[in-house]
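The values are calculated or read from the model by the stated rules, or taken from the named source; none is laboratory data. Since this is a predicted model, take the numbers as computed values, not measurements. Counting neighbours? That spans all protein chains shown, and the Cβs are built from the backbone with ideal geometry, glycine included. The accessibility values were calculated without ligands, DNA or RNA, using every heavy atom of the protein model including side chains. Shrake-Rupley method; radii C 1.70, N 1.55, O 1.52, S 1.80 Å.
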Amino acid sequence: MYFTRTEETIEDALKSLERKKSLNGWGTIGKKPWFHLFYRSPNEVKFVLEQLGLPVMEFNPPDAQMKEEAYQKLVAIGFNIAISKERYLQLVGDVIVHRLTHPAYAFVKRQHLFRPTSYEKELVQLLNLDPYGEGYVSYLSGLCSLESFNVTPSFEDCNKLLMSQTGNEYLLKYLVCYEGHEVGVDKELDWGIDWKLFVPQRIVWIQETEYKDTRDRYP
């Protein structure tokens with residue numbers, strides 16, 4: 001089985017092969033554990049708070065009022081919603097609504113802002129975090145794939161692209177073909193896109209994508 005994915009540099013491709021794991025959330029790199037928890041699923045938030053002996057309310061399906069509240073909060077912070085309000089309210093995922101409106105997430109956010117080191121050791125263990133800088137980093141159980149093939153694909157065979165905010169077709173500079181085996185699925189909580197996870201055994205080929213932008217470095 002062969003998989004393709006994008007990397008920023010050839011060194012990153014080699015590091016990914018060695019590490020065999022993808023980052024779980026670019027925006028959480030080097031952050032304290034409560035910040036990591038804020039970007040986890042409602043089930044994880046509920047489980048962690050229960051394990052810490054802290055009160056937590058049930059997560060029921062969001063109603064129209066909660067979705068409206070979530071929309072207004074996004075607008076208030078200047079979030080660019082490229083679709084109509086009506087369409088947004090139809091498509092918005094439960095996780096986003098809960099993250100913006102649920103008391104459990106509000107509690108987690110307050111902890112991050114005012115008591116970022118409370119329960120730190122317990123959270124590191126529960127969330128399976130690794131030290132990074134002054135905070136922590138989270139990894140998935142494998143690398144995220146763009147798509148998979150039963151035989152070795154060529155660069156032209158790869159149809160799955162990751163569009164950048166500046167309009168480039170590929171999010172990073174290199175498209176890399178790894179050989180490996182599947183180990184599970186990364187559930188994309190916010191927008192409903194699932195990514196196959198795989199353990200790479202070797203790099204088959206690396207092709208430059210002509211992507212010119214840069215992004216923050218990662219471990």
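Surface composition of the chain: carbon plus sulfur atoms contribute 51% of the solvent-accessible area (1.4 Å probe, protein chains only, all chains present). Here the peptides 76-88, 5-17, 147-159, 37-49 are ranked by packing, the mean other Cβ count within 10 Å, and the order with the highest first is 37-49, 5-17, 147-159, 76-88.
Solvent-accessible area per residue in the chain equals 57 Å², computed with a 1.4 angstrom probe and all protein chains kept. Distances between placed amide hydrogens fall under 5 Å for residue 132 paired with 137, all partners being 5 or more residues away or on another chain.
Rounded to the nearest 10 degrees, the angle from helix 103-114 to the longest Cα principal axis of the chain is 80 degrees.
If you take all other residues with their beta carbon under 11 Å from the beta carbon of residue 54, and give Lys and Arg +1 and Asp and Glu -1, the sum is -1. Close amide H contacts of residue 24 (hydrogens built in the peptide plane, cut-off under 5 Å, sequence separation of 5 or more or a different chain): 138, 139, 140.
Among residues other than residue 129 with Cβ under 12 Å from its Cβ, the summed charge is +1 (Lys and Arg +1, Asp and Glu -1).
The HN-Hα couplings worked out from phi for the range 117-132 by the Karplus form 6.51 cos²θ - 1.76 cosθ + 1.60 (θ = phi - 60°) are 9, 5, 6, 4, 4, 5, 5, 4, 6, 5, 9, 6, 8, 10, x, 7 Hz, whole numbers, x standing for Gly and Pro. Extending 7 Å from Cα along the Cβ direction at residue 74 and again at residue 122 yields two label points whose distance is 3.3 nm.
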